[in-house]
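Notes follow the structure.
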There are 2 protein chains.
Amino acid sequence: MAEEQNITPWEVSSAKINEEIDYEKVIRQFGCEHFTEEMRRKYGLDHHFFKRGIVFAHRDLGVILEHARKGGEIYLYTGRGPSSKSMHLGHSVPFLLCKSLQDTFGCKLVIQMTDDEKFIWKDITLEQAVQYGIENSKDIAAFGFDPKKTLIFSNVKYSHNFVGNTLKIEKTISLKDYNKVFGFTEASKVGQICFPSKQMSPCFPTSFPTFLDSNALCLIPASIDQDPYFRLARDIASNLKCPKPASIYTYFLPALQGVGEKMSASDNASSIYLNDSAEEIARKIKKYAFSGGRQTVEEHRREGADLSVDVAFHYLRFFLEDDAELERYGREYAAGKILSGEMKSICAEVVQKFVLEFQKRRASITDELMAEFFSDTKK
Amino acid sequence: MAEEQNITPWEVSSAKINEEIDYEKVIRQFGCEHFTEEMRRKYGLDHHFFKRGIVFAHRDLGVILEHARKGGEIYLYTGRGPSSKSMHLGHSVPFLLCKSLQDTFGCKLVIQMTDDEKFIWKDITLEQAVQYGIENSKDIAAFGFDPKKTLIFSNVKYSHNFVGNTLKIEKTISLKDYNKVFGFTEASKVGQICFPSKQMSPCFPTSFPTFLDSNALCLIPASIDQDPYFRLARDIASNLKCPKPASIYTYFLPALQGVGEKMSASDNASSIYLNDSAEEIARKIKKYAFSGGRQTVEEHRREGADLSVDVAFHYLRFFLEDDAELERYGREYAAGKILSGEMKSICAEVVQKFVLEFQKRRASITDELMAEFFSDTKK
């Protein structure tokens, strides 16, 4: 039996170990649209995630951008499942994207901490899940969002504020629809079935009456594995008398072990955490990062590196902002002029710089600032 | 195919029209215990619902009563699904029982308004369900509960206060368990599946930390169709580190049309509402109440009435408190000395008196009193 690539909200893996995820296939399978260079230029989306195709797919992004261009209100919605005390490098991707979009459009942002989901799915206590959510919220705040325009909330503590929308969603959708979209079975826990309506509710501005205008359009920056929620939310939007949410999807940041899987918070050896020390970052990259370099120096000098499977180079695409530098490193590595160990050192430096700057901002986060992020009365 | 009697939280019907519900079969099917005259005497349970076998089954009632006898704290938990503006006569049964138990034991009482459930199951808006809940809460208050010892709450507005227990229940139970107990299928709405954990949560005192001691034992007076919830709550109690809830179950008050089904709020002709006028009550009983009287006066005088199917006489068993009077009416009706029309007049008078007294108390309910019932800080 041939292995198949598997992209669900709970599992991400390519068909074969160290084979890149086939994002073209994901687009076909999920039925979303390609993000194009033409769109990027038309709307002036200059962040390197757009320029480098890290944002690769969307639903109705054009509708959102036209609305914003005409002065209509839009808001961003993203989330975080707090399953560990510190976030890792992969988690930063949607938040970097949100930060760039908030800066570009001056728009509001709601961030859902799915502590309830993590309690249900993981072997952790509810108190742990909530506490991880609080810690992760501080990590998120450190990305530099505007606290006057950003609401961070815990599902456990806040989701009753939009229970009306949650119930309306739950009245609309049958178990059969859920089974088809999420693959639930008789063995699924009831809590797994009760969760998706809570992730769908924030797609509708009426869930936040004190924070958003009821006619604001929703744009969801997320990684593609979360699309099932938002596809379903689009299907039932008219039942809630709301417009369909739009979405943009990014590639997964690969695990250190290889491009076939995404970085995972519960696997220490596959991940670089945002609270890792500079030494730890260098050590992990040197020890674990799967290399596209060749077996011997001679072979490498002759054939050059295989960039497509080289984890260090993938990290540069996400975290090295300078386009010219990235292009040069890629060219020279592919030509065998840069060796694998050198590429890992370059990568370690770039990641260390990114994490160090993050840690400085994280250290300056105060309880007062967090209270402002948690307050929903900022309309 | 033989018809079978059907007792679920959403449907109650006997095997044949106007055949009495076979409560012996229900006890066997659900696996609860008989309530016995011996228990009644031992614990001095003097309300006529106990004396007349209207309370017919229980789970662990002895455990609760022994605990109370030794000075341990117990609390009562019951509920109401607000699907119409006014409650009907049948709805009064668990509340009359709770009132008697609160008076006997001086215990606390929590009353759940399942406005969320009614929104999901019925063709009503969420606003209607919540409003019905508010109106029904006033009806409930009119049964004379002690506001210092009674908490009435709306699921929509309050259930987030025990979300921890709800999530723990949802993490414990699989969809397969639910399907077996509640008969859910792929066609079930997600909201139907998300509801039971909210009805189970109040079985555990830790759901009300500001109102109940965490070691209080729970006793649930309910009609037998609600047993699936509490059976399941007992099964998973140890996962929540709480004792199993106990329960006592009453017969259904029959619909006017016959003893084979319970009174239903959504069928005006089958029900006497607690806001019906005296004339309306008399008219409904005369017009609709199924009679156990015979076809002709001669036959009736000769053979006497069939009390088992006579709805008017059934209502007397619930609402005529005087045992001697009830015994005499039954004897004379069975002997053919009282005619069917006379029995209906007797019934109408008793029900009118009950409803009139209720309406007087209902008219005196103030917003201040309701605020006291809705407050959970009365520990």
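What follows draws every value from the coordinates through simple rules; no lab data is involved. Since this is a predicted model, take the numbers as computed values, not measurements. When we count neighbours, we look across all protein chains shown, and the Cβ atoms used for this are built from the backbone with ideal geometry, even at glycine.
Tell me, how many Å apart are the Cα centres for the stretch A:33-100 and for the stretch B:229-258? With the stretch A:33-100 and the stretch B:229-258 each reduced to a Cα centre, they are spaced 50 Å. In a reduced charge model with +1 at each Lys and Arg Cβ and -1 at each Asp and Glu Cβ, chain B shows a dipole moment near 800 debye about its Cα centre. Counting only the Cα atoms, the protein assembly as shown fills a convex hull of 184 Å³ per residue.
Residues A:Cys107, B:Cys194, A:Cys203, arranged from fewest to most other Cβ atoms within 10 angstrom of their Cβ, appear as A:Cys107, B:Cys194, A:Cys203.
Based only on Cα atoms, what mean projected area does the convex hull of the stretch A:115-190 have, in nm²? One quarter of the hull surface, i.e. the mean projection, equals 6.8 nm².
The distance linking the stretch B:173-205 with the stretch A:308-379 is 46 Å (Cα centroid to Cα centroid, whole angstrom). The ranking of A:His88, A:His67 by Cβ neighbour count inside 10 Å, starting from the fewest, reads A:His67, A:His88. The Rg/Rh ratio of the stretch B:1-95, with Rg taken over Cα atoms and Rh as the Kirkwood radius over Cα pairs, comes to 1.01. For the stretch B:234-282, the alpha carbon convex hull comes to 142 Å³ per residue, rounded to a whole number.
Taking other residues whose beta carbon is less than 14 angstrom from the beta carbon of B:Asp177, and scoring Lys, Arg as +1 and Asp, Glu as -1, yields +3. Per residue, the average separation of C-alpha pairs within less than 8 Å and at least 6 apart gives the stretch B:160-234 a relative contact order of 34 percent.
Each Lys or Arg adds one and each Asp or Glu takes one away; over the other residues whose Cβ falls under 13 Å from the Cβ of B:Gly133, this sums to 0.
Loop-located trypsin sites (Lys or Arg not before Pro) in the stretch A:34-96 (DSSP state not H, G, I, E or B) with no more than 12 neighbouring Cβ atoms inside 10 Å: A:Lys70. Listed from fewest to most Cβ neighbours within 10 Å, the set B:Val351, B:Val163 follows the order B:Val163, B:Val351.
For chain A, a Gaussian network of Cα nodes joined below 10 Å ranks A:Met39, A:Met87, A:Met343 by mean-square fluctuation, and the top entry is A:Met39.
Here the relative contact order of chain A, from alpha carbon pairs under 8 Å that lie six or more residues apart, stands at 21 percent. Every Cα-Cα pair in the stretch B:325-378 was counted, and those over 18 Å apart are 56% of them. What pairs from B:Lys51/B:Lys287; A:Lys198/A:Lys378; A:Lys108/A:Lys262; A:Lys85/A:Lys284; A:Lys25/A:Lys198; A:Lys118/A:Lys241 go past 26 Å between their alpha carbons? Check vs 26 Å cut-off fails for B:Lys51/B:Lys287; A:Lys108/A:Lys262; A:Lys25/A:Lys198; A:Lys118/A:Lys241.
Considering all different alpha carbon pairs of chain A, the Kirkwood hydrodynamic radius works out to 21.6 Å. Largest GNM mean-square fluctuation across A:Ile338, A:Ile74, A:Ile64, computed for chain A with C-alpha springs under 10 Å, falls on A:Ile338.
Share of pairwise Cα-Cα distances greater than 22 Å in the stretch B:258-362 is 29 percent (whole percent). Estimated from helices alone, the mean residue ellipticity of chain A at 222 nm is -13500 deg cm²/dmol (sum of -39500 (n - 2.57) over DSSP H runs with n ≥ 4, per residue). Measuring r between the beta carbons of A:Glu19 and B:Ile134 and using R0 = 41 Å, the FRET efficiency lands at 0.10.
Sparse packing (at most 14 other Cβ atoms within 10 Å of the Cβ) combined with a DSSP loop state is found for the following GluC sites (Glu not before Pro) in the stretch A:169-270: A:Glu186.
Dipole orientation for chain A: of the candidates A:Ala289, A:Ser238, A:Gln29, A:Ser238 has the Cα lying most toward the positive pole (charges on Cβ; Lys, Arg +1; Asp, Glu -1). The length gained on full extension between A:Glu349 and A:Arg28, counted as 0.36 nm times the residue separation minus their Cα-Cα distance, comes to 111.9 nm. Note on A:Ser277 and B:Lys241: the model spin-label points, each 7 Å out from Cα along the C-beta direction, lie 3.6 nm apart.
The residues neighbouring B:Leu76, those whose beta-carbon lies less than 13 Å from its own, together hold a net charge of 0 under the Lys/Arg +1, Asp/Glu -1 convention. If one puts a single equal scatterer on every Cα of the stretch A:19-174 and applies the Debye formula without solvent, what log₁₀ I(q)/I(0) results at q = 0.12, 0.13, 0.14 Å⁻¹? Each listed q corresponds, in turn, to -0.66, -0.77, -0.89.
Our summary gives the stretch B:258-362 a relative contact order of 31 percent, counting only alpha carbon pairs under 8 angstrom and 6 or more residues apart.
Considering only beta bridges that DSSP places wholly inside the stretch A:1-116, some 45 percent are antiparallel.
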